[in-house]
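The values are calculated or read from the model by the stated rules, or taken from the named source; none is laboratory data. Source: prediction; values computed, not measured. FYI the Cβ positions are ideal-geometry reconstructions off the backbone, even for glycines, and counts take in every protein chain you see.
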Amino acid sequence: MPVYSLEVAVVLLGLVLLMMEAFVAGKDKRFVAHTALLGLGAVLVGSFFVDRTPDASGFWSFYKADGLAMTYKAIALACTMLVIVLGLDYIPVLEKFTARVGGHGAWGEFFCLPVFICAGMMWMASASDLTSIFVSLELVTIAFYVMVTFMRRNVGSLEAGVKYLILGALSTGFLVYGFTWLFGVTGQTNLDVIAAKLNSGTVATVPAMFSFALILVALAFKIGAVPLQFWIPDVYQGAPTPITAYLSVGSKAAGFIVTTRILQVFLGSEALVHNCTAILLAVACATLLVGNLAAIPQTNFKRLLAYSSISHAGFLVLALAAGPAGAFGLAPGQIVAYYLAAYLIMTLLAFAVLVVINRTSGSDDLNAFNGLHQRSPFLAFALLVAVASLAGVPLTVGFVGKLLVFAAAVKASLWLPLGFAIIGAVAGFYYYLKVLRNMYWNAPAGGTLPAITLSGLTKATLLLLIAATVVLGVWWAPLFQLVRR
Amino acid sequence: MITLNDYLLVSGLLFAIGLAGVVLRRNIIIIFMCLEMMLSAANLSLVAFSRFNTVNGLPDYNGQMLVFFIITVAAAEVAVGLAIIIALFRARRTVHVDDIDAMKH
């Protein structure tokens, strides 16, 4: 089977799900989610057995199937499946906020659209031409507009959707204008050919830098870095929680593979590498500072995770800016992939707990976690593992990701950005572990609250993610092998 | 004779007007129109670049292909975007960005 059959399969799965959602009788649409899980799981398994050798057709100038692309495809599939599991837990909230007056909620599509987003993210992982990058990126972004606004009886969700729409469209404008200038100075749309052309010394550097700046602004929106990071807290807070998790992990990962590929083009050019690296380092430092310092006073756990997502973007940009040397035998692109795989596990674990809290208490505030240890020791432990890993405590998978980034920065002698990263990591310890006080020591406001019961699927998912966080934090080999493919 | 620079100047102006509109205007519909103007700016310069960067005496069609994709994607974006703006208007009876403040800081 050729590798692009994976994307074809995912799109077909999405179409089948839409048809099932529309034409199968019955009010309970949970079967759509279960079918999506089965289908995506099959594609994930299949992704390890596809034929990756390119043939002579022109298709392969738009599409790349290197190891990095396969890693990001796996990340996209795993993330989509976990988001669908989170969505199943979130159905009561969706039911409430999508219902017509006196009618039932309409949340069947909530489990169809992520499948299309997944196809877009898988395509982004392989896109190697300005055209395919643009189209796949927009497939993801436009579907996300719908998903963020999904709870249309909830003003927060609507406002988040409009904010995401305006800034998303703005970043699209920057992206295409940047692409235009890149095409203008090189006369090419394929990234490899553009890279060769930029390196040949025949290209005007000023318009090339102009296009770099425009494209970087657009990509900063996708990955949540300065200067287009200010949408993140509001949109994350307003969007349905599973979609917040999806934005935070899937959309960011897909943004980073495109960023990695485009930066390879600019950083590979002798004439541009100096200025581009300086700009990237400035972006990394500013992102680390904004994300970590703004996270400290937050009292809403969802907004806290939003700032955490910005700060992780800072670490990742730093890894990309640290130059081609990398660390521990991994290239910068592979370090980013490793970090994102780790980030996927721990962030989705935190969001899985948040979904349950949100469903049972209707709030995302840190106060809603008061007394969680009494209500459900298992959930409290799951969140403990998640925040420890997000903060980068040793023996968790998050520690390994941060270690790789620090090692790459040390190898490239980037002492000032390293200082910012250390400040960020230390601040992280404070604001991540703040939630522990709520869970273990603070008493809930209204006396003792009822214990929380979890469905079998949720319990299994949480157990899997906890195990992955701890085991992969001790035994590094599996993720190393995944990103080195 | 109209040169490449003239087209790029007009396209740059369009982009700047669009960006200024997004930043300065407070009505979401107008902001959305300005965003579309920014995409048109990109289309104009893409077509100009591909017309003036000839390959074997023919325009470079790679750029024009990208233009078609941009037009199509922009149409999809408008369809979804207007639907979202209408949903917001139904709930809030306003399309002004200053009124969008439900999120607590």
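Worth a mention:
- Filter result (more than 10 Å from chain B (Cβ to nearest Cβ), aliphatic (A, V, I, L, M) and in a helix (DSSP H, G or I)) within segment A:120-141: A:Met121, A:Met122, A:Met124, A:Ala125, A:Ile133, A:Val140
- Test: residue in segment A:70-91 that is surrounded by fewer than 23 Cβ atoms within 10 Å (Cβ to Cβ), within 14 Å of chain B (Cβ to nearest Cβ) and touching a residue at least 60 places away in the same chain (Cβ under 8 Å): no
- Going through (1) among the polar types (S, T, N, Q); (2) loosely packed, with under 14 Cβ neighbours inside 10 Å; (3) in contact (Cβ under 8 Å) with a residue 24 or more places away in the chain one by one, A:Ser389 falls short only on (2).
- Selection from segment A:100-119 of residues that are among the hydrophobic types (A, V, I, L, M, F, W, C) and within 14 Å of chain B (Cβ to nearest Cβ): A:Val101, A:Ala106, A:Leu113, A:Phe116, A:Ile117
- When the test is whether a residue is farther than 20 Å from A:Leu340 by Cα, hydrophobic (A, V, I, L, M, F, W, C), free of Cβ contacts under 8 Å to residues at least 40 places away in the same chain and part of a helix (DSSP H, G or I), A:Ala427 does not pass it.
- Failed item, numbered, when A:Pro227 is tested on (1) more than 20 Å from B:Ser50 (Cβ to Cβ); (2) away from chain B (no Cβ under 14 Å): (2)
- Filtered residues of segment A:185-219 (kept if more than 20 Å from A:Ala278 (Cα to Cα) and assigned to a helix (DSSP H, G or I)): A:Val185, A:Thr186, A:Leu191, A:Asp192, A:Val193, A:Ile194, A:Ala196, A:Lys197
- Of the residues making up segment B:47-101, those that are under 23 Å from A:Arg153 (Cβ atoms), charged (D, E, K, R) and touching a helix residue (DSSP H, G or I) at 6+ places or on another chain (Cβ under 6 Å) number 0.
- Hey, A:Phe144 more than 9 Å from chain B (Cβ to nearest Cβ), of a type in the set (Phe, Trp, Tyr) and either surrounded by fewer than 24 Cβ atoms within 10 Å (Cβ to Cβ) or assigned to a loop (DSSP other than H, G, I, E, B) (or both) or not: no
- Where a residue in segment A:272-290 is touching a residue at least 40 places away in the same chain (Cβ under 8 Å) and its partner, wherever it lies, is surrounded by fewer than 17 Cβ atoms within 10 Å (Cβ to Cβ) and of a type in the set (S, T, N, Q), with Cβ under 7 Å and at least six apart: A:Leu272/A:Thr205
- For segment B:25-60, taking the residues that are aliphatic (A, V, I, L, M) and facing another protein chain (nearest Cβ under 7 Å), the one that is farthest from B:Gly81 (Cα to Cα) is identified as B:Leu46.
- Restricting segment A:434-472 to residues that are more than 19 Å from A:Gly87 (Cα to Cα) and without any contact (Cβ under 8 Å) to a residue 12 or more places away in the chain, the residue that is farthest from the chain's Cα centre (by Cα): A:Gly447
- Selection within segment A:411-421: residues that are without any contact (Cβ under 8 Å) to a residue 12 or more places away in the chain and assigned to a helix (DSSP H, G or I). The member of this set that is nearest to the chain's Cα centre (by Cα) is A:Gly419.
- Scanning segment A:351-368 for residues that are part of a helix (DSSP H, G or I) and within 17 Å of A:Leu384 (Cα to Cα) yields A:Phe351, A:Ala352, A:Val353, A:Leu354, A:Val355, A:Val356, A:Ile357, A:Leu366, A:Asn367, A:Ala368.
- Residue in segment A:147-162 that is farthest from the chain's Cα centre (by Cα), counting only those that are within 7 Å of another protein chain (Cβ to nearest Cβ) and part of a helix (DSSP H, G or I): A:Val155
Matching residues to (1) within 23 Å of A:Ala386 (Cα to Cα); (2) of a type in the set (A, V, I, L, M):
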| residue | (1), (2) |
| --- | --- |
| A:Thr205 | no, no |
| A:Phe210 | no, no |
| A:Pro240 | yes, no |
| A:Gly250 | yes, no |
| A:Ala254 | yes, yes |
| A:Ile257 | no, yes |
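- Residue in segment A:443-462 that is of a type outside the set (A, V, I, L, M), in contact with a Gly (Cβ under 9 Å, 6 or more places away or on another chain), at pLDDT below 90 and not in a helix (DSSP H, G or I) present: yes
- Selection from segment B:61-77 of residues that are within 7 Å of another protein chain (Cβ to nearest Cβ) and of a type in the set (A, V, I, L, M, F, W, C): B:Met65, B:Leu66, B:Phe69, B:Ile70, B:Val73, B:Ala76
- Here A:Ser57 qualifies as over 24 Å from the mean Cα position of the chain (by Cα), among the polar types (S, T, N, Q) and either on the phi < 0 side of the Ramachandran plot or loosely packed, with under 14 Cβ neighbours inside 10 Å (or both).
- Note on chain B: enclosed helices (runs of 4 or more DSSP H) holding 1 or more residues that are within 30 Å of A:Ser363 (Cβ to Cβ), touching a residue at least 12 places away in the same chain (Cβ under 8 Å) and of a type in the set (A, V, I, L, M) are B:28-52, B:61-92.
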